[in-house]
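Notes for the one structure printed next.
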Amino acid sequence: MRLLVFATLLGVLLDAGDALQIQCYQCEEMKHNDCSTPEYIVNCTVNVQDMCQKEVLVKPDGTHYRKSCASSGACLIASSGYQQFCTGRLNSVCISCCNTPLCNGPRRKRPVPSAAASNRPLLLLLLLLPAFLLPLPMLLSVT
């Protein structure tokens, strides 16, 4: 009996690991990409909505954004269907799909290398230099 209960619990736990859920930003017709804040984060439907979608619409009053969860099939069909209308000009519609958490938010800025990071090779050379020079006097003194 214990073995049956253990096997059932193990099966439930392993089966729960197969469920994939992604988080996306969700908003309708926002201007200035300002719906990429924590209050707009939603949990997408498990095993149904496996992608995040972002629509960028250029209208006479400015750029509008729509963000949502989407199924991969629907998102990829929509993005390819609107590709010809993605010009960046007035009445442009661009739809993009992605599959990592919160990927339909703002683009992350690349970190600027610090001075310490750019001087690492020089620092490493200075630290290792004594190790290379130490054997040199020994080699010269051997005759």
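The values are calculated or read from the model by the stated rules, or taken from the named source; none is laboratory data. Source: prediction; values computed, not measured. All Cβ positions, even for glycine, are placed from backbone atoms using ideal geometry, and neighbour counts span all protein chains on display. Ligands, DNA and RNA are stripped out before the accessible areas are found, and what is left, the full protein with its side chains, is counted by its heavy atoms. Shrake-Rupley method; radii C 1.70, N 1.55, O 1.52, S 1.80 Å.
Overview of results
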{"item": "Percent carbon-and-sulfur accessible area, segment 24-96, ignoring ligands, DNA and RNA, probe 1.4 Å", "result": "53"}
{"item": "Label-zone membership for segment 72-92, site Lys31, 7 angstrom Cα→C-beta point, backbone N under 17 Å", "result": "90-92"}
{"item": "³J(HN,Hα), Karplus 6.51/-1.76/1.60, whole Hz, each residue of segment 25-30, x for Gly, Pro", "result": "7, 9, 6, 10, 6, 8"}
{"item": "Accessible surface, per residue, of segment 57-110 when the full set of protein chains is kept, probe 1.4 Å, Å²", "result": "68"}
